[in-house]
Every structure is written in C-alpha cells, then in structure tokens.
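To keep things clear, I will list the structure first and then write my remarks on it.
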There are 2 protein chains.
Amino acid sequence: MNVLWIFAHPEPRSLSGALRDEGLRALRELGHDTRQSDLYAMRWNPVVDGGDFRHDGGRRLIVGATSQRAYSEGTLSDDIRTEQEKLVWADALIVQYPLWWFGMPAILKGWFDRVFVKGFAYGVKGPDGRTLRYGDGGLAGKRAMAVLTVGAPEAGMGPRGAHGDIGDLLFPLQHGIFWYSGMSAVPPHVIYGADRLSDDAYEDHAAALRKRLASLPTEEPIPFRRETGGDYDESLVLRPDILPGRSGLAVHCA
Amino acid sequence: MNVLWIFAHPEPRSLSGALRDEGLRALRELGHDTRQSDLYAMRWNPVVDGGDFRHDGGRRLIVGATSQRAYSEGTLSDDIRTEQEKLVWADALIVQYPLWWFGMPAILKGWFDRVFVKGFAYGVKGPDGRTLRYGDGGLAGKRAMAVLTVGAPEAGMGPRGAHGDIGDLLFPLQHGIFWYSGMSAVPPHVIYGADRLSDDAYEDHAAALRKRLASLPTEEPIPFRRETGGDYDESLVLRPDILPGRSGLAVHCA
C-alpha cells in the first residue's frame, strides 16, 4: 500500500517523534511505500484565508464556494495542491498527534481545514446529483488511522470517564472528517499516560505500534453507518426503528 | 460585566462578522465593558512552538513543563501574555466561529493551545496539592458561551442526527476547555443553515443573539459535574450508582 503519515508534534526528540520513526520504518519493512507530512518541520501554515484561493480581497470571501472554484480551476495555493497530490497517491493515512485540549493541535486541524476543500473532500456529487459523504465521497476507498499520545491515564477516557470517552472525543475526526470524506476509520491507536512513561515502557509501545501497522491493510474498520445505507431519513436523522430511544454518538456505529 | 469576544472568521463582511458587530454593540448598550480578539485581523499565530517560551532549541522541548516555567517566570511571548491579561480582566468570554470539519478553525484552536498554558488554565494546584479542574481552576468564576454558525440544517445535529449531536460535538470545547479550566459554560448559541440564509432572516438572527446576550450574566450554565462533587472516583470514572449502566458524553451533565 501507499501510506501517508501526517505528523503534528513540535519536538522530533519526543516519544511521539520516536514512534513516528519506528512506524515509518515498520511500514517500509512490511513492503509498503511511505510518504510523510511532518507539519512542524514543513512550517505548515494552518490558517485558511483568501491567499489559499488567489482570492481578490476586494470581494467578500465565501470559503466553500471560493475553494471549490479554485480547486476545479487548479489555482489553489501550491502547498495545498502538494498535500492533495499526496492524498490522491495514498491508500492509507496515518494521523499522529498529541491530544491537546481534547483535540488536534492547531497545525493539524489547519491541515484538514486547508487541504480538505470543497470539491476534493466534501461537496462531491454523485451521478444522481446527491452529495457523496459518510462512507462515500472524494476519498472513498482509503483507510485512515489516528495515532495519539495522551497525557491522562486511560480510565478517565473510558465510557464513563470524566474526560469523555475517547471514541466520542475522536468522533469529529474519525466520523466527521475520515468517514465524511469517504475514508474507512481503522480503530485508533492511543498511548495513554504519555507524560509519565518509564524508559522501559518504550519498547512495549514500539512493539504495539508495529503490530497495529502490520494489520493496517486488513483490520476491520469502525462500523460507522453509510449515509445511503437506509439507516437515516432524508433529514439525516437515524430512523426511529434503529436503536429506538437511544442517542449519543455511539448510535452512529452499526 | 467585562466581556471578551473571541472572533475567528476570515471575512468581516460575512454573516458572522455582522453578528459579531451586532453582539458587541448589544453588550455595550446593556452596560457591559467589552474587549475583542479578532484573530484574523490580529494575524494570530496558532502554532505552539519553542518560541512561545523563549525555549533554547538545543534542548528537548516538553510543552507542559516548559510553558509552566515560562508562565511563572513571566517569559511567555508577548502575544500570549496580552491574551492572558484580557482573560484575567474578563468576567465572561464569547467564542464565535464557523464550525469547520465539526470543530474550531485552526486559528481559534491555536488560541486555546497557546494561551491556555500550564499554571494559568490547567495544572493549577489547590491548597491540598490536588489539581484544580472541572468546575475549579485558573479561570474559575468566569462564564463562557460558544456562538457558532453551521452550514448544515439543524436536524442532522440533533440527538440522533448523522453529524452528531451538537452538544456532543461541543463537549471538547465546553467541558474539556471551559469547564476544565473552571469556567461555567452557558448553553451555546447556534445558527444553523448559515450557508443558505435569506437576507430577511438576518434581523431574526440578530434579535435572537441580542436576547441571548441580555441573559448572559444570569442564564443557568450547563450542569456539568464538578470533579470534587463526589460523582467521580479517584480514577475520574463516574461512580457506579450514578446513571448505572449508562455511557455517552451526556452522562457528565447532572
């Protein structure tokens, strides 16, 4: 497979940096081709603005429509087009980051904000004119896996943990970005207690990551529901006969 | 009250920009003092790196510990200290943004990443040595409200909507940032279908926002559970006798 590794940590001499090196080496040993976007090393600009679209500042900027036009005309800024070319090349995407304030570091959020433009990753229409999303869309057929380091211990991020269940915290990324744009989300690989790891623990974490990467091509993805699978009504609400009376983000897994 | 308005939209001539102007005017007419951080206009840098802390690049950067030292020594970069001074001044915080990929635009996420450093907004210890958070902490006593524009219609963001319930999507911000650092989260003000609004609808939306702002000092906050309120065990897991057998982010509301 072609695997694109997105890395968003400011310090290469960190646990995250060591695991990134380990992961890329393991993928190559498994026979995959790899590319990387090391966002800090690239000095990636995460801020969407008119410059992305060669937009004339004299007119009002409407991000969705303007990005779609720039994408279709090939006039997106060069840094965005380079990342889109890597995505087109990739069969699988690894997105590695430290969990900051229960989400992605800004440099990574802004990679999605700027690269996943309308017409490329969303707002793509099928032959019948319907918008393709949630299991279908511009990046359909690819797999994606989040690899996270988290300062907190695991218990606080379990189903009843005060920090929120990790699956729910990752819903915006795994369902709202990966699945929305068509990519299958492989279960995340999470390293808890990352602020307090002993040196001895490193080899175990490296081995665990290698094992996950070995099953990347075959692992069963999170069973998010397809928009067109019949489970949602025309307003995108789960039909009443499916898990009747239940709510919470977990209802979107079949 | 002293109200700090954080604004994160690239286009002042947008619905968001008009509502921001409207909101600030309404607050002043209500007798409040206002300040603003218009992140795009300020060309806010959202990327955490060693420069924030005058960190010597020769040594490994450990973000939490390094930020805490720079905060306590008063050596954080000037732009961060200016924002912290505004926060200290504020009794209430309005955080206004367009929902992009089910989260904050990078420029806003990076305002929290850079300004909410250890020792200021998290990692603050009480007299007994316990870390203060979830209802207590560096910003305790303040209120915060998210004001969002969302492209999608409302149904898809309801309790069983395919995009995820809006309360769950906002959990990382409202519970993981506001409440974690001690701020009470007032229910969010969400404008749905923002991509398809008629001009007629604007006055209704302006009136609805003014109404929400009028009740900002008195409105009942979201009843998130206090960490020290007895509902969680030592591992931060909800005690078994509270909502037994239930999970999902909503269990963290009393």
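The values are calculated or read from the model by the stated rules, or taken from the named source; none is laboratory data. Note that the coordinates shown come from a computational prediction; the quantities given were computed from them, not determined experimentally. Neighbour counts run over all protein chains shown; Cβ positions are idealised from the backbone, glycine included.
Numerical summary
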read-out: Condition check for residue B:235: crowded, with 17+ Cβ neighbours inside 10 Å and within 14 Å of chain A (Cβ to nearest Cβ); value: no
read-out: Conditions (1) out of contact with any Ser or Thr (no Cβ under 8 Å at 6 or more places or on another chain); (2) at pLDDT 95 or above: number failed by residue A:201; value: (2)
read-out: Among (1) farther than 20 Å from residue A:9 by Cα; (2) basic (Lys, Arg); (3) at the interface with another protein chain (Cβ under 9 Å from one of its Cβ atoms), the one test that residue B:81 misses; value: (3)
read-out: Among the candidates B:119, B:126, residue that is more than 30 Å from residue A:50 (Cα to Cα) and modelled with pLDDT of 95 or more; value: B:119
read-out: Members of region A:15-44 that are over 20 Å from residue B:63 (Cβ atoms) and out of contact with any helix residue (DSSP H, G or I) (no Cβ under 7 Å at 6 or more places or on another chain); value: A:24, A:25, A:28, A:29, A:31, A:32, A:33
read-out: Answer residue from region B:165-180, given it is assigned to a loop (DSSP other than H, G, I, E, B) and more than 16 Å from residue A:224 (Cα to Cα) and is nearest to the other protein chains (Cβ to nearest Cβ) among those; value: B:180
read-out: Hits in region A:21-66 (condition: in a helix (DSSP H, G or I) and either closer than 14 Å to residue A:213 by Cβ or more than 11 Å from chain B (Cβ to nearest Cβ) (or both)); value: A:21, A:22, A:23, A:24, A:25, A:26, A:27, A:28, A:29
read-out: Some residue of region B:195-205 being more than 14 Å from every other protein chain (Cβ to nearest Cβ) and touching a helix residue (DSSP H, G or I) at 6+ places or on another chain (Cβ under 8 Å); value: yes
read-out: Selected residue (only one of B:101, B:111, B:89 is in contact with a Leu (Cβ under 9 Å, 6 or more places away or on another chain) and on the phi > 0 side of the Ramachandran plot); value: B:101
read-out: Condition broken by residue A:135, with the remaining ones in (1) within 30 Å of residue A:32 (Cα to Cα); (2) within 14 Å of another protein chain (Cβ to nearest Cβ); (3) buried (at least 21 other Cβ atoms within 10 Å of the Cβ) satisfied; value: (3)
read-out: Identity of the residue in region B:184-194, modelled with pLDDT of 95 or more and more than 11 Å from residue B:222 (Cα to Cα), that ends up farthest from the other protein chains (Cβ to nearest Cβ); value: B:189
read-out: Condition met for residue B:250 (in a helix (DSSP H, G or I), under 20 Å from residue A:169 (Cα atoms) and within 14 Å of chain A (Cβ to nearest Cβ)); value: yes
read-out: All positions within region A:211-254 that are farther than 21 Å from residue A:184 by Cβ and among the basic types (Lys, Arg); value: A:239, A:246
read-out: Candidate set: region B:176-232, residues that are in contact with a Cys (Cβ under 9 Å, 6 or more places away or on another chain) and of a type outside the set (A, V, I, L, M, F, W, C); chosen: the one surrounded by the most Cβ atoms within 10 Å (Cβ to Cβ); value: B:225
read-out: Options A:191, A:177: the member that is in the same structural domain as residue A:125 (by TED's automatic domain parsing), of a type in the set (Val, Ile, Thr) and farther than 22 Å from residue A:254 by Cβ; value: A:191
read-out: Residue selected from region B:1-20 under the condition part of a loop (DSSP other than H, G, I, E, B) and under 20 Å from the mean Cα position of the chain (by Cα), by the criterion nearest to residue A:53 (Cα to Cα); value: B:10
read-out: Residue check, residue B:197 in the same structural domain as residue B:154 (by TED's automatic domain parsing), hydrophobic (A, V, I, L, M, F, W, C) and under 20 Å from residue B:170 (Cβ atoms); value: no
read-out: Count of residues meeting criterion [surrounded by fewer than 22 Cβ atoms within 10 Å (Cβ to Cβ) and part of a loop (DSSP other than H, G, I, E, B)] in region B:138-164; value: 10
read-out: Members of region A:98-124 found to be in a strand (DSSP E or B) and either charged (D, E, K, R) or touching a residue at least 12 places away in the same chain (Cβ under 8 Å) (or both), listed by number; value: A:98, A:103, A:118, A:122, A:124
read-out: So residue A:127, is it without any contact (Cβ under 8 Å) to a residue 40 or more places away in the chain and either part of a loop (DSSP other than H, G, I, E, B) or surrounded by fewer than 22 Cβ atoms within 10 Å (Cβ to Cβ) (or both); value: yes
read-out: Meets criteria (at the interface with chain A (Cβ under 8 Å from one of its Cβ atoms) and either within 29 Å of residue B:140 (Cβ to Cβ) or in contact (Cβ under 8 Å) with a residue 40 or more places away in the chain (or both)) for residue B:156; value: no
read-out: Identity of the residue in region A:90-120, over 19 Å from residue A:170 (Cα atoms) and hydrophobic (A, V, I, L, M, F, W, C), that ends up farthest from the other protein chains (Cβ to nearest Cβ); value: A:90
read-out: Scope region A:69-83; condition in a helix (DSSP H, G or I) and within 12 Å of residue A:52 (Cβ to Cβ); matching residues; value: A:69, A:70, A:71, A:78, A:79, A:80, A:81, A:83
